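The values are calculated or read from the model by the stated rules, or taken from the named source; none is laboratory data. What you see is a predicted model, and the numbers here were worked out from it, not measured in a lab. Ideal geometry is used to build each Cβ from the backbone, glycine not excepted, and the neighbour counts take in all protein chains shown.
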Amino acid sequence: KLTLSARVGRIKPSPTLAVTARAKALKAEGRDILDLGAGEPDFDTPDLIKEAAIRAIRAGFTKYTAVDGTPELKAAVVEKFARENSLHFTTSQILVSVGGKQSFYNLAQALLETGDEVVIPAPYWVSYADIVLMADATPVIIPTTLQQGFKITPEALDAALAYKTKLFVLNSPSNPTGAVYTHAELAALGEVLRRYPHVLIASDDMYEHIAWGPEPFANIANVCPDLLDRTIVLNGVSKAYAMTGWRIGYAGGPVDLIKAMAKVQSQSTSNPTSISQAAAEAALRSGTALVTPMREAFKTRHDWLHAQLTALPGLQCRRADGTFYLFPEISGALKALGLPDDQAFAEALLEKTGIAAVPGSAFGSPGHMRFSYATSDQTLKEAVARLRGFLEPLQ
Ligand code: PLP
């Protein structure tokens with residue numbers, strides 16, 4: 001009999017990928033499915049980026065590269081951090097990986113021991129907790145509510161940090177809530193972190209360009225430069241440049257940590273795909289010109305969908321300052337429909353209306369749903385009409 005590791009028993013398959021897979025399977029069966037589960041831009045990768053990849057193939061750039069990324073891409077990452085984030089790294093502080101997901105995986109493997117704690121605000125990107133568990137460490141979750149704008153307070157952070165804390169993960173703009181920490185809020189969290197000098201900070205800036213809050217984007221190292229030497233900045237081209245399938249993420253941080261993360265990568269995947277690296281280099285060198293029209297489209301859809309969801313009974317929906325998700329609280333709807341929890345809501349919604357969306361419990365926040373608006377206006381319109389029908393009994 002096959003005996004699997006306790007490690008793999010501790011984790012679950014990515015629930016967001018599972019919803020997408022189920023939506024695709026139902027579609028293949030001929031069901032009329034509206035996919036609001038996707039965690040990726042619906043736009044095509046811009047031509048300028050595709051052309052760079054095609055040129056790379058033609059030029060025979062199809063062999064192993066340096067494990068930690070090509071010198072050219074690493075230079076482009078250094079320039080990107082300097083130009084867009086006022087963060088001044090050297091190339092020895094940069095690691096290019098197979099998506100932001102591998103960046104975080106490498107970080108966890110390089111940093112964490114059994115018994116170490118990682119403080120993660122909820123709702124959180126689904127993979128943080130599982131990747132921490134795979135490294136035999138313990139996620140410590142700080143819950144937040146819609147009323148708090150889904151943001152942790154300095155007091156809650158202070159209460160969660162401990163002697164055993166090795167890492168604190170901050171994701172702003174946040175998947176799944178779209179919440180963005182203000183500069184003042186980041187400063188207040190930084191104030192707490194100064195009292196815990198043994199804690200490393202991971203700033204996941206994956207959605208920095210898909211944001212429309214009142215302030216320009218800043219991460220905690222921008223607001224608290226004295227924390228930079230214990231901050232690892234995680235980012236990638238997946239969301240900003242509609243490049244989810246190319247699988248390129250990158251990290252900037254302390255040299256020794258980056259070196260250790262590269263060692264993990266050298267014994268797992270080796271280098272990210274050479275062709276994708278050429279494409280990512282073209283993307284980063286193009287700056288933000290390609291990103292702007294996509295951001296504007298997301299913002300327009302956000303405003304429309306937010307207005308629609310707010311008008312529906314049984315849902316409470318906050319505006320988001322970024323990403324392409326809305327994260328309504330659904331306790332009113334659950335009660336009125338006689339459903340036990342958000343998972344039952346997601347299943348009933350898919351069964352009765354064909355709308356695929358991810359239950360909040362997947363993000364550590366039961367009683368909510370995540371609706372992605374990285375989809376066409378027509379799909380969104382139809383989804384709202386079906387959702388209205390689904391919630392009809394509440395009227
Ligand atoms: N970080 C956040 C907050 C995300 O939402 C995602 C993707 O969903 C990632 C990181 C990783 O993205 P990728 O591995 O495609 O670069």
Take Ala240 and tell me if it is over 16 Å from the mean Cα position of the chain (by Cα), in the same structural domain as Ala52 (by TED's automatic domain parsing) and of a type in the set (A, V, I, L, M, F, W, C). no
Taking only segment 45-83 into account, find how many residues are under 16 Å from Ala240 (Cα atoms) and touching a residue at least 40 places away in the same chain (Cβ under 8 Å). 10
Segments classed as helices (runs of 4 or more DSSP H), wholly inside segment 262-369, with at least 3 members that are under 21 Å from Gly100 (Cα atoms): 274-285, 291-311
Pick from Phe43, Phe61, Phe89, Phe81: which is among the aromatic types (Phe, Trp, Tyr) and within 16 Å of the ligand (Cβ to nearest atom)? Phe43
Within segment 100-120, of all residues that are of a type outside the set (S, T, N, Q) and buried (at least 22 other Cβ atoms within 10 Å of the Cβ), the one nearest to Ala159 (Cα to Cα) is Val119
Could you list, in sequence order, all residues of segment 220-237 that are part of a loop (DSSP other than H, G, I, E, B) and either outside the structural domain of Leu186 (by TED's automatic domain parsing) or crowded, with 24+ Cβ neighbours inside 10 Å (or both)? Val237
Output the number of residues of segment 160-174 satisfying the condition of being closer than 15 Å to Leu193 by Cβ and touching a strand residue (DSSP E or B) at 6+ places or on another chain (Cβ under 7 Å). 9
Can you name the number of the only condition in (1) touching a helix residue (DSSP H, G or I) at 6+ places or on another chain (Cβ under 8 Å); (2) within 15 Å of the ligand (Cβ to nearest atom); (3) of a type in the set (Ser, Thr, Tyr) that Thr231 fails? (2)
Looking only at segment 184-216, and only at residues there that are within 16 Å of the ligand (Cβ to nearest atom) and not acidic (Asp, Glu), the one that is nearest to Gly322 (Cα to Cα): Ala211
Go through the residues of segment 118-131 one by one and say whether even a single one is among the acidic types (Asp, Glu), in contact with a helix residue (DSSP H, G or I) (Cβ under 7 Å, 6 or more places away or on another chain), in the same structural domain as Ile248 (by TED's automatic domain parsing) and under 30 Å from Tyr241 (Cβ atoms). no
